[in-house]
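Novice: Dropping a structure here in structure tokens format, bear with me for questions.
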């Protein structure tokens, strides 16, 4: 056993510290929100009006995506199924606990307490999705200790960025194209840039799939695919907005999937289908519709966005990922730049177009609900007028479409900047000794961190590893 | 590589054509329905009353069945796991997109537009289930190009049949026994009849399972089993009707499952359990309760139907499938005639009995909601009387139970006729050259259409293929 | 084939008898409850107020846990994947049918009928969870015939215990720590005590996992993990109570998971992670928060309970299970005493503390809803006062916190007593001949009860079975 990668002291010590920290902070700061607090119930509150029933179904769907969807998807490597699935489990579990506190401090803190309800859990799971996407860039090349440290650092950077963008720039981003996908992508790229491994420049002999790992990974894709409409719509306004978010996501994923099959066949020299494309590129449409997912963009536009995003994603896997690895020292293991970066940029562009094109004729007065910052400010007589039509409409900032678009652009650049800087910094911290970083030879190999069953060895040995099935 | 089965040009060209067609039709014809259109929201509409919250949970459950349940179930062959799972993914994705248009034209078209909401997606997924069932008849013996062409043709035939039966015959078929299961079955048999492969008369050396593929397939069965109550109840009336549909489906599946274990053991010459029975026959009860699933048939009747359907299904696998293959040139790969045809016929018979036995004493006045066509016609004084008891009761056709039963019979025969004719015709079209039909030797083999990882070859080679585990 | 373990006659005969019994009892006793009966609908009932919409989402989640979560989790053995998954399927299916009747007789019986709705199914699934947990103690060492007999006997013992405890002792046990986990655990230990196999004292050569079975089992863990909040909250009061149950379960599972990773690494001599810990110990928190899951214990307390339960569970696997096997003849295959017994006891203790510490200041008046037996009795003027604040508050028994705590203690001991006695008795009945009990050599081997595909043999043969990966 390599003593420098033994988890015996490192992992328990880190977990213990984190748990003590979390337990203390929970004790001091976390209480129930009004919907979970028995003291807030009275003879007016109705049990079935509890927010639980609006939020829990979406929460449960996102849970499946985080723990099962991501878990299976990341288990695509032949000798790294345990690592993909189990480190995803550990990282996700810690991240959500940590995000409840850090993100909760920025979003659900008042009267000296973070008020906890299922809605916080949904938000924390979005933060978790960010960290898991970033994890994709360094899959197989990091120890669980490093992953926990990464999550520990990424959650605050993300929460601050999210808070600043939402508070000061005030953007529309229902599906999280900017704050989830772009942030996650560029943070992950920053980390992997800092963790550059020159010896893996020409790939790694264990960077292959097996027949079973490919099937398991497709299963993960399917879970993500099936529940993605819940992800994209979990935080929209209720009613028609959420309804459109479901429709657009479904349509975008569908056209993206068909396109992925076509591109996979056309670029394969034997005219066959490549499983890695089915596992990844099919999902591009879900990201691409994100920024405009609740707007009246029309079903056809969602269809077109799915095709566009998928094509960009595919070409990214084919040409950009190798380029980044070769020339920019960015070894992006799962190609997150294609599935989340390129598609995220397209999504943001589409969102800006949708904002610029939105008119009251098309949306009706509820336009000022969707584009909340375009709602007239307090005191404007137009506000009272609109509140007749849409009771409960909140005063906004009276922004024009063009102004809103500029703020979206500002959000894109500042998010990318914060993410990349945070990522690089985090990456250098992950290079500290004592974090059990795997040696180059032992990357992508479960034997390093797991007690593996006996057939693992016989399988490793029996396969002639020189026939290297490259995996983007 | 066999150039005649390369997907390099065929698949992308077909997908491109289909996508252009879909995109154009979506642009011209598809708009949001009232629940997804922001312009239709006003100071009376309440967000939480949006149809999304009634439909989406059932939609999500059916999604899991379609993409994960079917996908895993169809991956039961040792060398065709990619094909089963991935072609299911492709076919389902295209079919739903196409059904949104074609079926939408017949069911959700007014004012020159197809109005889209989650309810259309549920309907489209039912159409998708039809195509996937038919796919079961030709699994492993068709290229993805053929599957897309089959879906392209089957959706319109199904939609027209569905429309005609619902508009002119007006039947009760909540669980889709007639329109889903019988149609799908006889269409699929028609296709496989036309695609008859004489060289596969005595089976195929690759038509075997593996330990892992059997487990994966059972996992698919379990997903179908668990969510089948949602499938059977997704399109019933809300309230007690949907409640009964859930109960009956659960009970029918339960008795069917126990029966399947018993039959599997009793007919096995070594007194062991056969996995293929667990994978398929256990599900028979879900189909068998379909036609009467929302009626007041009593829990015991659902129980009995589960046993009956399962027995017919089992005997079908054992005796009828080989007979059809040998004497009628119908090579029914997954035995859809047993799981959907025989059970569908029993279900229809049971539905007719339930219709004939239904009385107002047993159902109360809401009988005229369940059997909507027995409701008195407009102008009948009895209608006003009933509307006092059941507000919102719609006028019907004043049919007697016997009349309704006759229409059900007519629906059965016309559906079977349309399906079989459409299937045979489609099958002959699938024989056209350029559709990449797999050669006999390469059936049930992922190597033909997929880049397979290196362990696939070593596995294929290492297994002595002469010990042929026959698989019904 | 060993004639004494052939299922050819035994299984079908037993199933036939059970089905006839069930069908007769369903016919005589089971009818629809008011929410599923069309006759009970009138011009006041609203379809969307049907109990289906409150109960079905939780039912569906628990279904996934029972059939897929348990199924995959129990498939962790290398040569017993079919057995784990498929016998779980059979046992669960029968148990639910049987519990609908037996438990229904105690809980939903009036006017000479058992009234059936989805709420009964949820209750029956809880009974099913009990039997499946007990099954964990004898996994791989029992035939399906024995399992059905065990379920046949355990369901009535459980239902009577549950009924007596709820009717006479009247306890708080929302997550089922006493009635589900403690009962299941001690019943299972009783059975395995009676079925003691001296030849397996030093383990069994086939008691190992494989790379794929470990992954499948983790997948089961993840399904249980994701839906456990639904399990723990399915039978709480609606509203804030259910909301807290979701939060506490999620938090408890999270802290438990992190702790499991730490303990796994610290006790492994190579500083690696052991998959069995990830598969089992991570879940301990879900049980540990059970008894107090709906109370105002604070999020931090749920966090602490998760850590505590996980630690006890881990140490149990490490030290107590071998001790029980060696000195008390209790061969607890899946270690249910750790995951359900020890954690259950901690949970009960925590529940009692929470009861003793509960004050009206902290809970508000709805304290008397959560602790229903502390509500003032009928006629007490305090009751009317409280009913002003909480409309619909039911009269209780006017118990003090201390009294309630004593009843909880009484419930713990009587449940453990009834379970252990019932288990031992059932175990001796399972030793009757003709129940196809597997010979020692054929334990943990699918070949005994299944037609296995050809690669099963080649795999069995190729693995040098002397390198025994011990599995707790």
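Please treat every number below as a calculation from the coordinates, not as lab data. None of these values were measured; they are calculated from a predicted model. As a convention, Cβ positions derive from the backbone with ideal geometry for all residues, glycine included, and neighbour counts pool all protein chains shown.
Novice: Roughly speaking, what is the centre-to-centre gap between region C:171-223 and region B:207-221 when only Cα atoms are used, to the nearest Å?
Specialist: Between the Cα centres of region C:171-223 and region B:207-221 lies a distance of 25 Å.
Novice: Ok, one more. Need one value for B:63-70: mean number of C-beta atoms belonging to other chains within 10 Å of its residues' C-beta atoms.
Specialist: On the way: counts 6, 7, 1, 2, 6, 5, 0, 0.
Average neighbour count from other chains, rounded to a whole number: 3.
Novice: Now for a separate question. Evaluated at 25 °C with a viscosity of 0.890 mPa s, what Stokes-Einstein diffusion coefficient in µm²/s does region B:214-362 have when Rh comes from the Kirkwood expression over alpha-carbon pairs? Don't skip to the end; give the middle numbers.
Specialist: Values: Rh = 15.6 Å.
Translational D for this selection: 157 µm²/s.
Novice: Calculate how many DSSP beta bridges within the protein assembly as shown are antiparallel, expressed in % of all such bridges and rounded to the nearest 5. Mind dumping the intermediate values first?
Specialist: Details: 6 of 18 bridges.
So the antiparallel bridges amount to about 35 percent of the total.
Novice: More than 49 angstrom separation, counting every C-alpha pair in the protein assembly as shown; what % is that? The partial results should precede the final answer.
Specialist: Details: 284582 of 1001820 pairs.
Of all Cα-Cα pairs in the protein assembly as shown, 28 percent lie more than 49 Å apart.
Novice: Here is a further query. Taking N as the number of residues in region A:33-99, what value does Rg over Cα atoms divided by 2.2 N^0.38 Å take? Walk me through the intermediate numbers first.
Specialist: Working: Rg = 17.7 Å, N = 67, 2.2 N^0.38 = 10.9 Å.
Normalised Cα radius of gyration, region A:33-99: 1.63.
Novice: Please give the average number of partner chain Cβ atoms lying within 10 Å of the Cβ of each residue in C:221-228, rounded to a whole number.
Specialist: On the way: counts 4, 11, 3, 0, 5, 9, 3, 0.
Averaged over the peptide's residues, the number is 4.
Novice: Right, something else. In deg cm²/dmol, rounded to 500, what helix-only [θ] at 222 nm does chain C give when every DSSP H run of at least 4 residues adds -39500 (n - 2.57) and the total is split over its residues? Could the numbers behind the result be given before it?
Specialist: On the way: 19 runs with 266 residues, N = 472.
When only DSSP H runs of four or more count, the value is -18000 deg cm²/dmol.
Novice: Same structure again: Regarding region A:286-437, what's the average projected area of the Cα-atom convex hull, expressed in nm²?
Specialist: Details: hull surface 49.0 nm².
Averaging across all directions leaves 12.3 nm² for the Cα convex hull.
Novice: Could you tell me how many degrees, from 0 to 90 and to the nearest 10, lie between the Cα long axis of helix A:10-29 and the main elongation axis, the longest principal axis, of the Cα atoms of chain A?
Specialist: Helix A:10-29 sits at roughly 10 degrees to that axis.
Novice: Can you work out the FRET efficiency for the pair residue A:402 and residue C:166, with r the C-beta to C-beta distance and R0 = 45 Å, to the nearest 0.05? Before the final figure, lay out the partial values.
Specialist: Working: r = 65 Å, r/R0 = 1.45.
Efficiency at R0 = 45 Å is approximately 0.10.
Novice: Can you give me the C-alpha center-to-center distance between region C:23-98 and region B:341-377, rounded to a whole angstrom?
Specialist: 25
Novice: Under the classification rounded if a/c is under 1.5, otherwise prolate if a/b is larger than b/c and oblate if not, where does region C:1-139 fall, given a ≥ b ≥ c as square roots of the Cα gyration tensor eigenvalues?
Specialist: Working: a/c = 3.11, a/b = 1.68, b/c = 1.85.
Cα axes put region C:1-139 in the oblate bin.
Novice: Counting other beta carbons within 10 Å of each Cβ, put B:85, A:367 in order, fewest first. The partial results should precede the final answer.
Specialist: On the way: B:85 27, A:367 22.
Fewest to most other Cβ atoms nearby, the residues stand as A:367, B:85.
Novice: Moving to a separate point now. Give me the distance in nm between label points sitting 7 Å out from Cα along the Cα-to-Cβ direction at residue B:457 and residue B:205, one decimal.
Specialist: So the two model labels end up 1.8 nm from each other.
Novice: So if I average 1/r over every pair of distinct C-alpha atoms in chain B and take the inverse, what Kirkwood radius in Å does that give? Please report the intermediate quantities before stating the final value.
Specialist: Working: mean 1/r = 0.0433 Å⁻¹.
Taking every pair of different Cα atoms in chain B, averaging 1/r and inverting gives 23.1 Å.
Novice: Same structure again: For B:269, C:39, which order do you get if you count the other beta carbons within 10 Å of each Cβ and list the fewest first? Present the calculation step by step, with values, prior to reporting the outcome.
Specialist: Values: B:269 9, C:39 17.
With the fewest neighbours first, B:269, C:39 line up as B:269, C:39.
Novice: Another question, if that's okay. Computed over the Cα atoms of region C:154-235, what is the ratio Rg over Rh, Rh following Kirkwood? Don't skip to the end; give the middle numbers.
Specialist: On the way: Rg = 17.5 Å, Rh = 16.0 Å.
My calculation puts Rg/Rh at 1.09.
Novice: Starting from the Kirkwood radius over alpha-carbon pairs of region C:183-293, derive D by Stokes-Einstein at 4 °C in a medium of 1.567 mPa s and give it in µm² s⁻¹.
Specialist: After rounding, the answer is 80 µm²/s.
Novice: If you don't mind, another one. For peptide C:27-39, how many partner chain Cβ atoms fall within 10 Å of a residue's Cβ, on average? Working shown, then result.
Specialist: Values: counts 6, 1, 2, 6, 4, 7, 3, 2, 4, 12, 8, 18, 10.
For peptide C:27-39, the averaged partner shielding equals 6.
Novice: Which whole-angstrom value gives the distance between the alpha carbon centres of region A:384-422 and region C:255-301?
Specialist: 42
Novice: Then there's this: If you take the C-alpha gyration tensor of region A:142-201, multiply each eigenvalue by 5 and take the square root, what semi-axes do you get, largest first, in whole Å?
Specialist: Numbers: eigenvalues 147, 36, 15 Å².
Those come to 27, 13, 9 Å.
Novice: Which ordering of C:318, A:244 is given by a fewest-first count of other beta-carbon atoms within 10 Å? Please list the in-between numbers first.
Specialist: Values: C:318 16, A:244 31.
By the 10 Å Cβ count, ascending, the order reads C:318, A:244.
Novice: OK, next. Taking the Cβ-Cβ separation of residue A:13 and residue A:267 as r and a Förster radius of 35 Å, what is the calculated FRET efficiency to the nearest 0.05? Don't jump to the answer; show the numbers that get you there.
Specialist: Working: r = 48 Å, r/R0 = 1.36.
After rounding, the FRET efficiency stands at 0.15.
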